[in-house]
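Student: The structure is given below, and queries will be raised subsequently.
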Amino acid sequence: MPVARIGFIGLGLMGKPMAKRLLSAGHELKVFNRSRGPVEELVRLGAEAAGSPAETASESDYTILMLPDSKDVRLVVLGERGVIQAAKPGSTVIDMSTISPVVEREIYATLKERGVGYLDAPVTGGTIGAEQGTLAIMVGGDYAVFKKAEPILRVLGQRIVYMGPSGSGQMTKICNQISVALSLLGACEALLLASKSGLDLDKVIEIISSGAGASWQLANLGPAIVNRDFRPGFKAEHLMKDLRIALEIGQELNLPLLGTALVHQLFKSLVARGEGALGTQAVVKVLEDLAHHIVSRSLGGAEES
Ligand SMILES: NC(=O)c1ccc[n+]([C@@H]2O[C@H](COP(=O)([O-])OP(=O)(O)OC[C@H]3O[C@@H](n4cnc5c(N)ncnc54)[C@H](OP(=O)(O)O)[C@@H]3O)[C@@H](O)[C@H]2O)c1
C-alpha cells in the first residue's frame, strides 16, 4: 500500500509495539505519549516526536489512539490541545483503546461535523499479538471510512471484522472482556483446587488445555500463576475498567450480569491492595486469600501461615 502519514498517541504496553509495526511497514509516523521515554525510543527508530495530540494529528491521514480509558480518549481528542483542534477534514481517527461505546458515539458525532472520520477499533490478542501483528480487531463506524482504513489495520491485525455503526466495535470488545474475565476466574479456581488436592499443576494445565475446558486464559496465564509471575501483559486495572463498562451497559439495558459483577469485585479488591498494575492473572491472589491457600507446585500447595 502507499506510504501513509500516521499519528500515534499512547505508547504503552500495546501502543509501542503497534507503532513499531507501522514504522517497519514503511509508514511515516508522528508519535505522542504522556511520558517521554517511549517517544524517544520510537524517534530512535525513525518516528517524529509531536508536542501535543493536536500536533500529532495536524498532518496525518490517520491518527491512531491506544489509551487507557474513556476520559483519556475524550481529553486527547476533544481537549484544549486535542486532535480535534488540528485534524484535517477527510482524515481518519482510529481509537484502538478499549473504552465506553457511549463515549465513542459522542466523539464520532463531534468529529463527523468537522468532516473527520472516526472508527472505534478495539483489539484482542495481547502484547504478543501487538508485536506480531496478529491482533483481532473489531470495528465500528462508517463502512466507507473502515474500508479506507483497512490496509492500515492489516499491518496490526490478522482478523479484522466490521461490526456495524459507531460503538459496535467497543460493544463487541466488552462482550469479549466478559468472556475473558469469567474464563480467567475458571482457570484460577481450577488451579486452586488442583493445588489444594495435590495434583501436578503442569499436567493439569496440559490436559485441560487439550479438551473442552481449554481456554486462552488457562493456557497462557495458568503457567504464569504457577510460576508466580505477575508481570503485566494486560494490567488488572484495565480489566477492572472493562468490567465496569460492561456493568454500566448492563445497567442501561436492564441486563443482569452476575458473573461479571462477581469478577469486578475481585479485581476491585486487587486494585485496593495497590496491585492494579500487575497482570490480570494476579487476581488469583485475592482468591488465594479467601481460600487461605497459595497455588503451588509442591504437593498439596502451600498453606498460608
Ligand atoms: N495490554 C493488553 O494486553 C491489551 C489488550 C487489548 C486491549 N488493551 C487496551 O488497550 C488500551 C491500552 O492498554 P495498554 O496495556 O497499552 O495500557 P498502558 O500500558 O497503560 O499504556 C497506556 C499509554 O497511554 C499513555 N497515556 C495515558 N494518558 C495519556 C494522555 N492523556 N496523553 C498521551 N498519552 C497518554 C500512557 O502514558 P504513560 O507512559 O505516561 O503512562 C501509556 O503509555 C487500554 O484501553 C486496554 O484496555 C490492552
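Student: Amide H of residue 52 versus every other amide H placed in the peptide plane: which residues, excluding those fewer than 5 positions away on the same chain, fall under 5 Å?
Tutor: For residue 52, whose amide H was placed from the backbone, there are no distant partners under 5 Å.
Student: Determine, for 78, 135, the number of other Cβ atoms within 10 Å of each Cβ, and report the residues in order from fewest to most. Write down the numbers at each step before the final one.
Tutor: Numbers: 78 17, 135 25.
In increasing order of surrounding Cβ atoms, one gets 78, 135.
Student: Let me ask something else. In segment 171-303, how many lysine pairs have Cα atoms under 22 Å apart, counting only pairs 8 or more places apart or on different chains?
Tutor: Close lysine pairs found across segment 171-303: 10.
Student: In vacuum, with every alpha carbon of segment 171-303 counted as one equal point scatterer, what does the Debye formula give for log10 I(q)/I(0) at q = 0.13 Å⁻¹? Two decimals, please.
Tutor: -0.52
Student: If you average over every viewing direction, what projected area does the convex hull of the Cα atoms of segment 1-126 give, in nm²?
Tutor: So the Cα hull casts an average projection of 7.0 nm².
Student: Right, another one. Ranking request for peptides 216-226, 62-72: highest mean number of other beta-carbon atoms within 10 Å first, then the rest in descending order.
Tutor: 62-72, 216-226
Student: Hey, if you put +1 on the Cβ of every Lys and Arg and -1 on every Asp and Glu Cβ in segment 171-303, which of 213, 277, 265 ends up farthest toward the positive end of that dipole?
Tutor: Farthest towards the positive end: 277.
Student: Evaluate the distance, in nm, between pseudo-label points positioned 7 Å from the Cα of residue 102 and of residue 212 along their respective Cα→Cβ axes.
Tutor: The two pseudo-label positions are separated by 3.9 nm.
Student: Nearest 5 percent is fine: what portion of the DSSP beta bridges confined to the chain is antiparallel? Don't skip to the answer; put the middle values down first.
Tutor: Details: 6 of 31 bridges.
Antiparallel: roughly 20 percent of the beta bridges in the chain.
Student: Using 7 Å Cα-to-Cβ label points, what is the residue 255/residue 40 separation (nm, one decimal)?
Tutor: Taking the two extended label points, one gets 4.5 nm.
Student: For the chain, return all DSSP H helices satisfying: extent of Cα atoms along own axis at least 20 Å; mean Kyte-Doolittle hydropathy at least -1.0.
Tutor: In the chain, the long hydrophobic H runs are 168-196, 236-253, 258-272.
Student: Considering the chain as a Gaussian network with a 10 Å cut-off on Cα pairs, which listed residue, 99, 208, 249, attains the greatest mean-square fluctuation?
Tutor: Top of the fluctuation ranking is 208.
Student: Over its Cα atoms, what ratio of radius of gyration to 2.2 N^0.38 Å does the chain give?
Tutor: 1.06
Student: Length gain on complete extension for the stretch residue 231 to residue 203, per 0.36 nm per residue less the alpha carbon to alpha carbon distance?
Tutor: 7.8 nm
Student: For a quick check: sort 106, 206, 113 by the number of other beta carbons within 10 angstrom, fewest at the front.
Tutor: 113, 206, 106
Student: Let me ask something else about it. So which residue, out of 168, 97, 179, gets the largest mean-square fluctuation from a GNM of the chain using Cα contacts under 10 Å as springs?
Tutor: 179
Student: Give the calculated FRET efficiency between residue 262 and residue 81 to the nearest 0.05, with a Förster radius of 51 Å applied to their Cβ-Cβ distance.
Tutor: 0.80
Student: Let me ask something else. Can you give me the long-range amide H partners of residue 30? Hydrogens built in the peptide plane at 1.01 Å from N, cutoff under 5 Å, separation of 5 or more residues or another chain.
Tutor: 6, 7, 8, 48
Student: Please give the length that would be gained between residue 13 and residue 112 if that part of the chain were fully extended, namely 0.36 nm times their separation in residues minus their C-alpha to C-alpha distance (nm, one decimal).
Tutor: Contour length minus the Cα-Cα distance gives 32.7 nm.
Student: In Å, what is the Rg of the alpha-carbon atoms in segment 134-178, and how long is Dmax?
Tutor: 10.2, 31
Student: Give me the dipole magnitude in Debye, nearest 20, for the chain about the Cα centre, with unit charges on the beta carbon: positive for Lys and Arg, negative for Asp and Glu.
Tutor: Computed about the Cα centre, the dipole is about 460 debye.
Student: Can you sort 30, 196 by how many other beta carbons sit within 10 Å, fewest first?
Tutor: So the ranking, lowest neighbour count to highest, is 196, 30.
No value in this document is a laboratory result; all are computed from the given coordinates. Bear in mind the structure is a predicted one, so any value in this text is a computation, not a measurement. FYI the Cβ positions are ideal-geometry reconstructions off the backbone, even for glycines, and counts take in every protein chain you see.
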